[in-house]
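Here the structure is laid out as structure tokens; the discussion comes afterwards.
What follows is calculated from the coordinates using simple rules that are stated; it is not laboratory data. No experiment lies behind these values; they were computed from the predicted model shown. As a convention, Cβ positions derive from the backbone with ideal geometry for all residues, glycine included, and neighbour counts pool all protein chains shown.
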There are 4 protein chains.
Amino acid sequence: MEGDRQRPAPAAPLTDHLQLLLHRSREAKNCAYCPYSRFPVGAALLTASGEIFTGCNVENACYSLGVCAERTAILKAISEGHTSFRAMAIASDVCDTFIVPCGACRQMMREFGTDWDVYLTKADGSYIVKRLEELLPLSFGPEDLKKV
Amino acid sequence: MEGDRQRPAPAAPLTDHLQLLLHRSREAKNCAYCPYSRFPVGAALLTASGEIFTGCNVENACYSLGVCAERTAILKAISEGHTSFRAMAIASDVCDTFIVPCGACRQMMREFGTDWDVYLTKADGSYIVKRLEELLPLSFGPEDLKKV
Amino acid sequence: MEGDRQRPAPAAPLTDHLQLLLHRSREAKNCAYCPYSRFPVGAALLTASGEIFTGCNVENACYSLGVCAERTAILKAISEGHTSFRAMAIASDVCDTFIVPCGACRQMMREFGTDWDVYLTKADGSYIVKRLEELLPLSFGPEDLKKV
Amino acid sequence: MEGDRQRPAPAAPLTDHLQLLLHRSREAKNCAYCPYSRFPVGAALLTASGEIFTGCNVENACYSLGVCAERTAILKAISEGHTSFRAMAIASDVCDTFIVPCGACRQMMREFGTDWDVYLTKADGSYIVKRLEELLPLSFGPEDLKKV
Ligand SMILES: [Zn+2]
Ligand SMILES: [Zn+2]
Ligand SMILES: [Zn+2]
Ligand SMILES: [Zn+2]
């Protein structure tokens, strides 16, 4: 996070949580219901208050009714009263590239602010981190609806 | 349901759970994120093992990325390892009619079998119960995909 | 259509269009983009003014962003200025059962009224016809949103 | 594009089509069915062969079943046999910012390649153009599904 580098204080805010967040995203993958794609994905969401909610992809015979792991994690957190988030980690079985969220998931994250760190992992556990703005630049958000 | 194995007769299997299920669906409504429709909905899902998972609707500035309460509840349960369900209760603020699930939610329920009781409530707490087959007759399901 | 039986006049309103509607639904299937399911579907929609719009399923690597044939046909018609519909025919390669619309498609049809005849076909061209109310009983519709 | 083969230099390939594309996106907005958001959007899609398909947003009482203008345009083109695209123009009634596609629409565009120019307009007709890679960097696409 660029801004964090310059700030003296907030003390590496994710340090405590990051390994756990990554671990939970891998674990969450085990619950994936993906009989159609056979492409399991897990996600772990860190709330502003420090709690973690996990999600997996849940597919449907009518493919369009499936839901990604990232959205599942957000839905769980919202339905438990959380609406402020800090980071998401995503895990899949892909070895050679870092798994990324689809455009729909980026948009759902965007609904709850742009201050997100997104941890993209490989199956071996290595990761890179991106800001949501880097994944969904020039985004449409709640405030845009009020402009008409 | 585990408990059923020990019981001699099926004997109104939901009796123990029903009031709690209805209560939890009303409670879940409080977490709804619905700034666009201002139409909060809550759902409570009873698993075959007797656990309850709740959901609320979660909307998005890009309306099509919203998710209904019923689907949120199912996603939560799946992501915690449950795939066998018995009943769903749905609550809203509508007074004069029983709230019903949309077609998309009926289809998502259908993915996990047809043996569902769906409790449709009014704001005053009164309810009617329907079988999923009554709500989505002649349904398309996982087995149909294999017919081509 | 029950109402039609009692009416003396409108003279089997679909007679002229039905064979063409069925034919167009089969043709539309050829444009299906379904590399993931390999389950091509076609749909043909008859507007109140007698025009036919066709659709096919269009899938996505992010499965949840796919769209069914029935919804594609409706979207095309709306985007050309039509909002009043009479019938839909659906075609697939399934031989042994009549192809049915998923719950999401039933809901999208419902948005534009309940006065729909839905022709469900087999690959051999045989068909049955259902009213939308038979496919989506106790439906949620535009008027329900206003009840809160 | 067929025409490109004959031309010696790429030479502003959209010059001929751009004004028409922008015009058609504004026109398409008139067909929007958006009783819930009251936020009409139009889109015009230019195929590789030089044809234009238009779309508008089509909403649903079950908000999650709505479809954006951009996706409607793509669905129309696919259902008429086109799968290769060059550009999309998007129009809305927003005056002070350029309308952008949501993440779901960016993902649907991505399914059909990354070689897209996206024209983002204001209500006064002014525009900026972005490449799809700029709107959906580090994207997930069809080839990624094969990596597991
Ligand atoms: Zn996604
Ligand atoms: Zn629903
Ligand atoms: Zn469908
Ligand atoms: Zn969109």
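Condition first: at the interface with another protein chain (Cβ under 7 Å from one of its Cβ atoms), more than 16 Å from ligand 1 (Cβ to nearest atom), over 22 Å from A:Val41 (Cα atoms) and not in a strand (DSSP E or B). Now tell me which residues in the range B:39-68 satisfy that. Steps first, please.
In the first step, residues of the range B:39-68 are kept if they are at the interface with another protein chain (Cβ under 7 Å from one of its Cβ atoms); the result is B:39, B:54-56, B:58-68.
From what's left, more than 16 Å from ligand 1 (Cβ to nearest atom): B:39, B:54-56, B:59, B:61, B:63, B:68.
When the remaining residues are screened for being over 22 Å from A:Val41 (Cα atoms), the result is B:39, B:54, B:56, B:59, B:61, B:63.
Matches in the range B:39-68: B:Phe39, B:Glu59, B:Ala61, B:Tyr63.
Please count how many residues of the range D:111-139 are within 24 Å of D:Lys76 (Cα to Cα), of a type in the set (Gly, Ala, Ser) and either free of Cβ contacts under 8 Å to residues at least 24 places away in the same chain or in contact with a strand residue (DSSP E or B) (Cβ under 9 Å, 6 or more places away or on another chain) (or both).
1
Could you list, ordered by first residue, the pairs with Cβ atoms under 8 Å in which the first is in the range D:22-37 and among the β-branched types (Val, Ile, Thr) and the second is assigned to a strand (DSSP E or B) and surrounded by fewer than 19 Cβ atoms within 10 Å (Cβ to Cβ), at least 6 apart or interchain?
Going by the 8 Å Cβ cut-off, there are no qualifying pairs.
Return the residue satisfying two criteria in turn: it lies in the range B:23-61 and is out of contact with any His (no Cβ under 8 Å at 6 or more places or on another chain) and of a type in the set (D, E, K, R), and of such residues it is surrounded by the fewest Cβ atoms within 10 Å (Cβ to Cβ).
B:Arg38
Return the residues of the range C:128-148 that are farther than 14 Å from B:Pro137 by Cα and more than 14 Å from chain D (Cβ to nearest Cβ); say none if nothing qualifies.
Across the range C:128-148, the qualifying residue is only C:Ile128.
Looking at (1) within 14 Å of chain B (Cβ to nearest Cβ); (2) within 26 Å of B:Val67 (Cβ to Cβ); (3) more than 16 Å from ligand 2 (Cβ to nearest atom), which one does C:Arg71 not meet, given that it meets all the others?
If we test C:Arg71 against (1) within 14 Å of chain B (Cβ to nearest Cβ); (2) within 26 Å of B:Val67 (Cβ to Cβ); (3) more than 16 Å from ligand 2 (Cβ to nearest atom), just (3) comes out false.
Within the range C:111-127, take every residue that is assigned to a strand (DSSP E or B) and more than 9 Å from chain B (Cβ to nearest Cβ) and give me the one that is nearest to ligand 3 (Cβ to nearest atom).
My answer is C:Val118.
Regarding A:Asp93, is this residue in contact (Cβ under 8 Å) with a residue 60 or more places away in the chain and more than 16 Å from ligand 2 (Cβ to nearest atom)?
Taking the combined requirement at face value, the residue satisfies it.
Restrict the check to the range A:80-89 and report whether at least one residue is within 11 Å of chain D (Cβ to nearest Cβ) and within 16 Å of ligand 1 (Cβ to nearest atom).
So in the range A:80-89, the residues within 11 Å of chain D (Cβ to nearest Cβ) come out as none.
The answer is no, given that none of the residues of the range A:80-89 is within 11 Å of chain D (Cβ to nearest Cβ) and within 16 Å of ligand 1 (Cβ to nearest atom).
Check whether at least one residue in the range B:108-119 is farther than 26 Å from B:Leu138 by Cα and crowded, with 23+ Cβ neighbours inside 10 Å, and report yes or no.
no
Hey, can you tell me all the residues within the range D:69-91 that are more than 16 Å from ligand 3 (Cβ to nearest atom) and either out of contact with any strand residue (DSSP E or B) (no Cβ under 8 Å at 6 or more places or on another chain) or assigned to a helix (DSSP H, G or I) (or both)? Step through it out loud before you land on a result.
Filtering the range D:69-91 for residues more than 16 Å from ligand 3 (Cβ to nearest atom) gives D:69-70, D:73-74, D:76-77, D:80-91.
Across the range D:69-91, the qualifying residues are D:Ala69, D:Glu70, D:Ala73, D:Ile74, D:Lys76, D:Ala77, D:Gly81.
For residues that are within 7 Å of chain D (Cβ to nearest Cβ), touching a strand residue (DSSP E or B) at 6+ places or on another chain (Cβ under 7 Å) and under 16 Å from A:Arg38 (Cβ atoms), tally how many sit in the range A:93-110.
Residues meeting the conditions: 0.
Quick check on this structure: which one of C:Ile74, C:Ile90 is more than 19 Å from B:Phe140 (Cα to Cα) and surrounded by 23 or more Cβ atoms within 10 Å (Cβ to Cβ)?
Of C:Ile74, C:Ile90, the one residue that is more than 19 Å from B:Phe140 (Cα to Cα) and surrounded by 23 or more Cβ atoms within 10 Å (Cβ to Cβ) is C:Ile74.
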